[in-house]
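Working notes, beginning with the structure itself.
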Amino acid sequence: MKTTTKMGLFLGTFFLLVFFVGCKNEAKTGTTNTSSTPTTSEAKEQGQAFIEDDGSTPNVLNIAIGSPDHTTLVAAVQAADLENALVNAGPLMVFAPTNAAFDALPAGTVDDLLKPENKDALANILKYHVTPGNYSKELIMKFKKLGQANDQSVAVEVKDGEVYVGGAKIIASVKAGNGIVHVVDKVMLPPAEE
């Protein structure tokens, strides 16, 4: 009989304890009103491109962002939503036109390309400036053409010891954590698709 009474007291105490703890947790979750849905600005800033990392070698996007000569290119990459593509593991070879190269395009071209309705055309042009791989300027000299990220090819030429890709001269090269950035003096425009 004593065992039954002790067992009843134990179970009763146990259930009361569970009840009060459950009510306490319910009160906590009931008063907290959080939303797991990101806001529009938070949703736009997701992915590898928005992770701050000061300890490793800059990726191709960080190199462009850090260059005062590539502000137009960075604005174009952002308008085309290609930031995350440029921070992946790679290796990537980016032919990065300078601001002067964009300025050499016909008047109004850059402004038109940066409009939201031209996002696909802009992305195609930018992908024409990216090649999978990590080749130095000296190694590129050995190629006749390169396959670009937009599924088209670009011609490689050597004139007077200088390397031209798609008619754009490589004027500098910067190694990146996920590839290499070749600074070019011209915006390469992909041939019209037939």
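Just a few scattered comments:
- Annotation: amide H-H contacts under 5 Å for residue 179 (H modelled 1.01 Å from N, sequence separation of 5 or more, or interchain): 92.
- Residues residue 185 and residue 142, FRET efficiency given R0 of 25 Å [Cβ-Cβ distance, rounded to 0.05]: 0.70
- Dividing the mean sequence gap of close Cα pairs (under 8 Å, 6+ apart) by how many residues region 59-184 holds gives a relative contact order of 30 percent.
- For region 125-138, Karplus couplings with θ = phi - 60° (6.51, -1.76, 1.60), whole Hz, Gly/Pro x: 5, 5, 5, 5, 9, 10, 10, x, x, 8, 9, 5, 4, 5
- Summarising the amide proton neighbourhood of residue 96: residues at separation of 5 or more, or on other chains, whose placed amide H is nearer than 5 Å comprise 182, 183, 184.
- Among the trypsin sites (Lys or Arg not before Pro) within region 126-167, those in coil by DSSP and having at most 15 neighbouring Cβ atoms inside 10 Å are 142, 144.
- Phi-derived couplings, Karplus 6.51 cos²θ - 1.76 cosθ + 1.60 at θ = phi - 60°, listed residue by residue for region 90-97: x, x, 10, 10, 10, 9, 9, x Hz, with x used for Gly and Pro.
- Working note: Karplus 6.51/-1.76/1.60 with θ = phi - 60° gives region 61-67 the couplings 5, 4, 5, 5, 4, x, 9 Hz, where Gly and Pro are set to x.
- Cβ crowding within 10 Å, taken as a proxy for footprinting-reagent exposure, orders 102, 95 from fewest neighbours to most as 102, 95.
- Scanning residues 5 or more positions from residue 163 or on other chains, those with amide H under 5 Å from its amide H are 170, with H placed 1.01 Å from N in the peptide plane.
- The equivalent ellipsoid of region 59-184 has semi-axes of 22, 16, 14 Å, largest first, where each one is the square root of 5 times an eigenvalue of the Cα gyration tensor.
Bear in mind these aren't lab numbers, they're just calculated from the coordinates by the rules spelled out. These figures come from a predicted structure and were not determined experimentally. Cβ: placed from backbone, ideal geometry, glycine included. Neighbour counts: every protein chain shown.
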